[in-house]
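For reference, the structure is listed below as C-alpha cells.
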Amino acid sequence: MKIAMVGSGYVGLVSGACFADFGHDVVCIDKDQSKIDRLHDGIMPIYEPGLDALVDRNVKAGRLSFTTHLAEGIRDASAIFIAVGTPSRRGDGHADLSFVHAVAREIGENLANDAVVVTKSTVPVGTGDKVELILAESGTPHRVSVVSNPEFLREGAAIGDFKRPDRIVIGAEDDFGRDVMRQVYRPLFLNESPILFTARRSAEIIKYAANAFLATKITFINEISDLCEKVGGDVQDVARGIGLDGRIGKKFLHAGPGYGGSCFPKDTLALLKTAEDYESPLRIVEAVSMVNESRKRAMGRKVVEAMGGAEAARGKRVAMLGLTFKPNTDDMRDSPAIAIAQTLLDAGASVAAFDPEGMESARPLMPDVEMAGDPYAAINGADAVVIVTEWDAFRALDMDRVKTLAKVPVLVDLRNIYKPQEMREAGFHYVSVGRP
Ligand code: UDX
C-alpha cells in the first residue's frame, strides 16, 4: 500500500518510517527544503533513539522517500496522513489549525485518485468535519474519506510506542475509511494490538482527554509531594501505595518539577479553549494547567531555599544538570528548566548548565545561562547543583568528584534519582521532591 505523510516533523517522520518498516511504500512530504535535503543525506532533524537506523534501513530498501512536492508525493497513495504542527495560537491558546487547513486544501487541489485523508496531528474536536468541508470545496472528483487517527507517541520512546502500542484509535465515518485503515495497520492487527474504531469526533476527543488525564495524574502526585514535605511523608512510597491499586495504576505518578514538552502544556490549553467554546467547563483541567505552570517557578525557589534563601543566593553559582523536558530527547519545548533558570537568574544567581542533547535548542531560550562541556564543568565552583532532567548520565555521577568540584555540597534532586540517606552520608545537603 502507498502512504503519503504530509509533514515530516517528529510525528510524521517517526510514523512514516515505522509504516515503511511495516512494508508499506511511504513518501514523507515537507515544505522545508533544507529538512528534506538533510533527510536525503541521512541527517535526522530531531534526536530520537533508533530513528536514524530505521530511516536508513527503509530508504535503502526503497520503501521510504522524501520530497517537497505534495502533488507528486500523494499520487497513488491510498492513505494520506496530515501530520503538521498545531501550535498554540499566539494570544488565545487555541490550537492553530492554519497548517492543517492549508494542507487539506492542497491535497484537495492535487488529488489524483480515491484516498483516505487521515489527521494524525493533534486537532480539536470538529477538525475532521472542517477538513472534509475543505476537501469537498476543492471540487475533487475522487472519493475521499476523512479519518482521525491520533498518535500517542512518547518522545524518546516513539518507535517502540508506535510498534507496540497500548491501543490504536481510529475515528472513521464510513467503511472506505475503516477498510483502508485496517490495511494501514495490518501488521498490528496481526499482532493483536488493541484497535478501537470510533466515530471521528470521539477519536479527536480521546487524544485530548488522554493527555489531560495524564497531566492530571502528574499534577496530582506533585501536589501530594508538597504535602509529604510538609507532614513528613515519602511521596515515592505514597505513589507505590496508591499505584498498586489497579484502578489507579502506577505509571505517571513520579513527582518532579512539573510536566513540559510539546504535548501536555499545549493540549491541555487547547482542550480548555474547546471547553470554553462549548460552555462545558473542565475545572479539573483548568486547575491542572495552573498548578503545573506555577510549579516550575516554585522549583526555582526551592533551589534558592536550599542555598539559604534569597539573600544567600545572590551572586552564587548554580549548576543545572539537564535542560530538556525529559531525557532522550533534544526537545526544550515548555521545559521546566527554562522557568527554573529564570527564577535563579532573577534571584541574582548565575547558572551553568549541561544537557547531553538539549544545549543547542536551549541556547536561544536561555541566553544568560552558561553552557558547559560536561556535568563536571558545570559543577566546578558551584554553590548548588540541581538535577532537572533524569538523563542516565546523571544517575551515576562521581559524587566524590562532585563534592570536590562544588564550592558548597548542596544537591537539589528534582527527579528523585538519588537516595536521601546515601547523599546525606556522602556529606551533601540533599534536597529532593516529596521525601523527608
Ligand atoms: C506525551 C504522551 O505521553 C504521549 O502519549 C503523547 O502523544 C504526547 O505527549 P511526551 O510529551 O513525549 O508524551 O512525554 P511524557 O513521557 O508523557 O512526559 C511528559 C512530561 O511529564 C515530562 O515533562 C515528564 O518529565 C513529565 N512526567 C511524566 C512527570 O513529571 N511524571 C511522570 O510520572 C511522568
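The values are calculated or read from the model by the stated rules, or taken from the named source; none is laboratory data. All of these numbers come straight from a predicted model, not from anything done at the bench. With ideal geometry, Cβ positions are generated from the backbone for all residues, glycine too; neighbour counts draw on all protein chains shown.
Here are the numbers for the structure shown:
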{"quantity": "Matching entry among Ala212, Ala203, Ala255, Ala239 (being in contact with a Ser or Thr (Cβ under 7 Å, 6 or more places away or on another chain), farther than 29 Å from Thr127 by Cβ and touching a residue at least 12 places away in the same chain (Cβ under 8 Å))", "calculated": "Ala255"}
{"quantity": "Residues within region 344-365 that are crowded, with 20+ Cβ neighbours inside 10 Å and either in a helix (DSSP H, G or I) or touching a Pro at 6+ places or on another chain (Cβ under 6 Å) (or both), tallied", "calculated": "3"}
{"quantity": "Ala339 under 30 Å from Pro87 (Cβ atoms), surrounded by fewer than 24 Cβ atoms within 10 Å (Cβ to Cβ) and modelled with pLDDT of 95 or more", "calculated": "yes"}
{"quantity": "Residues of region 250-309 satisfying the condition of being among the charged types (D, E, K, R), outside any helix (DSSP H, G or I) and within 16 Å of the ligand (Cβ to nearest atom)", "calculated": "Lys250, Lys251"}
{"quantity": "Filtered residues of region 66-79 (kept if outside any helix (DSSP H, G or I), under 9 Å from Ile29 (Cβ atoms) and touching a residue at least 40 places away in the same chain (Cβ under 8 Å))", "calculated": "Phe66, Thr67, His69"}
{"quantity": "Cross-chain or 6+ apart pairs with Cβ under 6 Å, region 155-166 first and closer than 13 Å to Gly12 by Cα and in the same structural domain as Gly9 (by TED's automatic domain parsing), then part of a helix (DSSP H, G or I) and more than 10 Å from the ligand (Cβ to nearest atom)", "calculated": "Ala158/Val14; Phe162/Cys18"}
